[in-house]
Amino acid sequence: MSNFKTTEPTGLTRRDVLKLSGLALGGLAVGGVTTSLGGCNNAQADDQCTSTSCTCPDGPTCRWDDPAKAQQYSYFNTLAPFEPFSTLTPSTIPPLGENELRITFLGSAIPQHARGQMMMSLFVEVGWDSSKQAPRDQFVFDCGAGVSANYAAMNIGFGRMDKIFLTHLHGDHMSDLIHIYCFGPSSDRKSPLYLWGPGPSGVESPPGSGKYYDDGTKAFCANLRAACRWHTESFSFQSTSYTPYIRPTQTSWGLPYSPIPVGDDAPDDSYAMVPIELDWTQYGKTPGDNVAYHNPITGVKITHFPVIHDRKGSVGYKLEWNGLSLIYTGDTKPEIHSRDQAINGGNGVDVLIHEMVVPAEIWAMKMLRLTDPAEVPRETVQQLQTVQNSSHTPQGAFGYLLSQISPRPRLTVATHFPTTDDTVACAMKSVQAHCKVIQGRDPLPQENAARITWSADLMVITVSRNQIREFKGDVANFGFAATYQPPPGTLNTPKYHYPDQSGPTAGDPYAQIDLSTEIPACGCNDTCNYREDGY
Ligand SMILES: [Zn+2]
Ligand SMILES: [Zn+2]
């Protein structure tokens, strides 16, 4: 039992207060019903929280204290396996169809959460270039804490992670950047790292102070690059560039301006960090004003639009390719741009990936290791409610938003969510209360229905014109990292190299260290301290 049971000043328990406030909410909802769009109904009074039973999604059969439901996502385990490493030729990337798009979740959680869910990151690949045995184009969207291990497990090497689109600069969306930036050049990214993200927020900090920080992506990159100086120099006895690297231009990648690295790195060096800062206020009102990337060779177009999250300057992205489309909202409150982008001028989108947050009292209950929301201290709920109110989309709002999108996305994915059987069951109930026609996991969407799923780490979704399929990455917890794919050229001489030598093997591993206190190795005979070959 908990020590946190509270009694309201009126003598009512929180449970009683919830009942009363729920009744009030129900009344409001009846008055608030306006329109009903295409098969989805607005919430009715009986969908509202008239008692705490609404926090227990399946009635008596679902309890928040059921350990089995609280510690697994059993649906995910039913998905067909996706094998990132071919057993026949382990170095190859699992091919996509010519006209297929593949989305992989490397992180899917809201902080702080479970070991089984890292912070946010998606990897999107399009089409297949059989001459290169690689996707035609590929992108990282956000890269929060812990996702690097999942990238490695899923055979997605650093060389394929050179285009990173950040929705905003919260730590749970960018904190693995240090790892990706620093270790890419030691692996197979021998070219610069390109980073898209919003420009400065323009928020006076705080109001009345007259102070405006440069909190945009360019300044972030400049500071991050400088902060990583010790790392980048220390590893520069290895080659960090190759010839002939063809640098992208504003035209070749369809960028808003010419890509120029921060700092003093050579523009073809893999320690060069190239920000592409976006005007986050734009959303395509004037055609083309929100294009982040439009590659005429691969055909991929990525546009951005503002969302509402904590502080001005968060964006969502839409990727369009070969008649397929995908939206990733990043973190946001429910708002009109995500809705309108998903309506897409009446054409709809194939996949809508939108964040969702559990009710504040459930969030608090879980973190306090309680099993009854009525036991959570009011202050704790209020604290999390302020987070939700400034930043996120509640379950019911997610359903309502979906009800306003016609035609429906072929698949809607709830993400940034603590995914377990009990939280998903509760969330589904809230979504259904606001959007009646939800198909759940039915693989064949009916006309005007909304097919919905919840993301989990290593979930793989393939999208083609005739089907959308979900898989579960089949990986080894102790497997080695992603395949090394050498760049298509000659590696250049490292920055720290033996005098009078050139080429990638000329790197001098001793150039930056003092060997006067070293215990030396020697040849492989019985009298040596230890063998230089490592054995
Ligand atoms: Zn955020
Ligand atoms: Zn977040």
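The values are calculated or read from the model by the stated rules, or taken from the named source; none is laboratory data. Just so it is clear, the model here is predicted, and its values are computed rather than measured. Because the Cβ atoms are built from the backbone with ideal geometry, glycine has one as well, and the counts that use them run over all protein chains shown.
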Check your understanding: So Arg339 clears everything in (1) of a type outside the set (Phe, Trp, Tyr); (2) within 16 Å of ligand 2 (Cβ to nearest atom); (3) more than 30 Å from His231 (Cβ to Cβ) except one condition, right? Which one?
Key -> (2)
Practice item. Looking only at the stretch 308-331, count how many residues are in contact with a helix residue (DSSP H, G or I) (Cβ under 6 Å, 6 or more places away or on another chain) and of a type in the set (Val, Ile, Thr). Key: 2
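Table: residues versus (1) surrounded by fewer than 19 Cβ atoms within 10 Å (Cβ to Cβ); (2) of a type in the set (Gly, Ala, Ser).
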position	(1), (2)
Pro359	no, no
Pro373	no, no
Gln383	yes, no
Val387	yes, no
Ser391	no, yes
Leu402	no, no
Pro407	yes, no
Ser430	no, yes
Cys435	no, no
Practice item. Tell me which of these His231 doesn't satisfy, since it passes every other one: (1) assigned to a helix (DSSP H, G or I); (2) within 16 Å of ligand 2 (Cβ to nearest atom). Key: (2)
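Residue by residue, here is whether (1) away from ligand 1 (no atom under 16 Å from the Cβ); (2) in a loop (DSSP other than H, G, I, E, B); (3) outside the structural domain of Gly97 (by TED's automatic domain parsing) holds:
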| position | (1), (2), (3) |
| --- | --- |
| Ser131 | yes, yes, no |
| Ser148 | yes, no, no |
| His173 | no, no, no |
| Gly210 | yes, yes, no |
| Arg225 | yes, no, no |
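Here's the yes/no breakdown for (1) out of contact with any strand residue (DSSP E or B) (no Cβ under 6 Å at 6 or more places or on another chain); (2) crowded, with 21+ Cβ neighbours inside 10 Å:
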{"position": "Asp142", "(1), (2)": "no, yes"}
{"position": "Cys182", "(1), (2)": "yes, no"}
{"position": "Asp188", "(1), (2)": "yes, no"}
{"position": "Ser191", "(1), (2)": "yes, yes"}
Practice item. With the checklist (1) acidic (Asp, Glu); (2) in a strand (DSSP E or B); (3) within 16 Å of ligand 2 (Cβ to nearest atom) in hand, flag the one item Glu125 doesn't pass. Key: (3)
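Scan the strands (runs of 3 or more DSSP E) fully inside the stretch 256-350 and keep the ones with 1 or more residues being hydroxyl-bearing (Ser, Thr, Tyr) and either outside the structural domain of Phe158 (by TED's automatic domain parsing) or within 16 Å of ligand 1 (Cβ to nearest atom) (or both).
Working: elements: 273-278, 291-294, 301-306, 315-321, 324-328.
Passing ranges, in order: 315-321, 324-328.
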Revision key, fill the gap. Pairs returned, first residue in the stretch 500-529 that is more than 20 Å from Thr243 (Cα to Cα), second residue that is of a type in the set (Ser, Thr, Tyr) and modelled with pLDDT of 90 or more, beta-carbon separation under 6 angstrom, 6 or more apart or interchain, are Asp508/Tyr496; Asp508/Tyr498; Ala511/Tyr496
Check your understanding: Across the stretch 161-199, which residue is farthest from ligand 2 (Cβ to nearest atom) among those that are in contact with a Leu (Cβ under 6 Å, 6 or more places away or on another chain) and aliphatic (A, V, I, L, M)?
Key -> Ile164
Study note, to complete from the structure: Residue count, the stretch 340-356, condition among the charged types (D, E, K, R), touching a residue at least 60 places away in the same chain (Cβ under 8 Å) and within 21 Å of Thr281 (Cα to Cα), comes to 1
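Limited to the stretch 458-506, what total is found for residues that are assigned to a loop (DSSP other than H, G, I, E, B), of a type outside the set (S, T, N, Q) and farther than 17 Å from Leu352 by Cα?
Result for the stretch 458-506: 21.
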Point to revise | Answer residue from the stretch 351-370, given it is closer than 14 Å to Thr393 by Cα and assigned to a loop (DSSP other than H, G, I, E, B) and is farthest from ligand 2 (Cβ to nearest atom) among those | key: Pro359
Check your understanding: Somewhere in the stretch 179-195, is a residue within 16 Å of ligand 1 (Cβ to nearest atom) and either over 30 Å from Lys312 (Cβ atoms) or assigned by TED's automatic domain parsing to the domain that holds Val140 (or both)?
Key -> no
Study note, to complete from the structure: Flagged in the stretch 313-324 as away from ligand 2 (no atom under 16 Å from the Cβ) and closer than 23 Å to Glu277 by Cα, in numbering order, are Lys318, Leu319, Glu320, Trp321
Review point. Has the stretch 144-151 got any residue that is away from ligand 2 (no atom under 16 Å from the Cβ) and surrounded by fewer than 22 Cβ atoms within 10 Å (Cβ to Cβ)?
Key: yes
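Check whether at least one residue in the stretch 240-249 is part of a loop (DSSP other than H, G, I, E, B), touching a Pro at 6+ places or on another chain (Cβ under 7 Å) and within 17 Å of Asn492 (Cβ to Cβ), and report yes or no.
Filtering the stretch 240-249 for residues part of a loop (DSSP other than H, G, I, E, B) gives 240-241, 244-249.
Among the residues that remain, those that are also touching a Pro at 6+ places or on another chain (Cβ under 7 Å) are: 240, 247-248.
Checking the rest, the ones that are also within 17 Å of Asn492 (Cβ to Cβ) come to 240, 247.
Yes - at least one qualifying residue is present in the stretch 240-249.
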Check your understanding: Which of the residues spanning the stretch 109-122 are within 12 Å of ligand 2 (Cβ to nearest atom) and under 15 Å from Phe471 (Cα atoms)?
Key -> none
Exercise for review: Hey, could you check the stretch 287-339 for residues that are without any contact (Cβ under 8 Å) to a residue 12 or more places away in the chain and not β-branched (Val, Ile, Thr) and say which is surrounded by the most Cβ atoms within 10 Å (Cβ to Cβ)?
Suggested key: Asp289
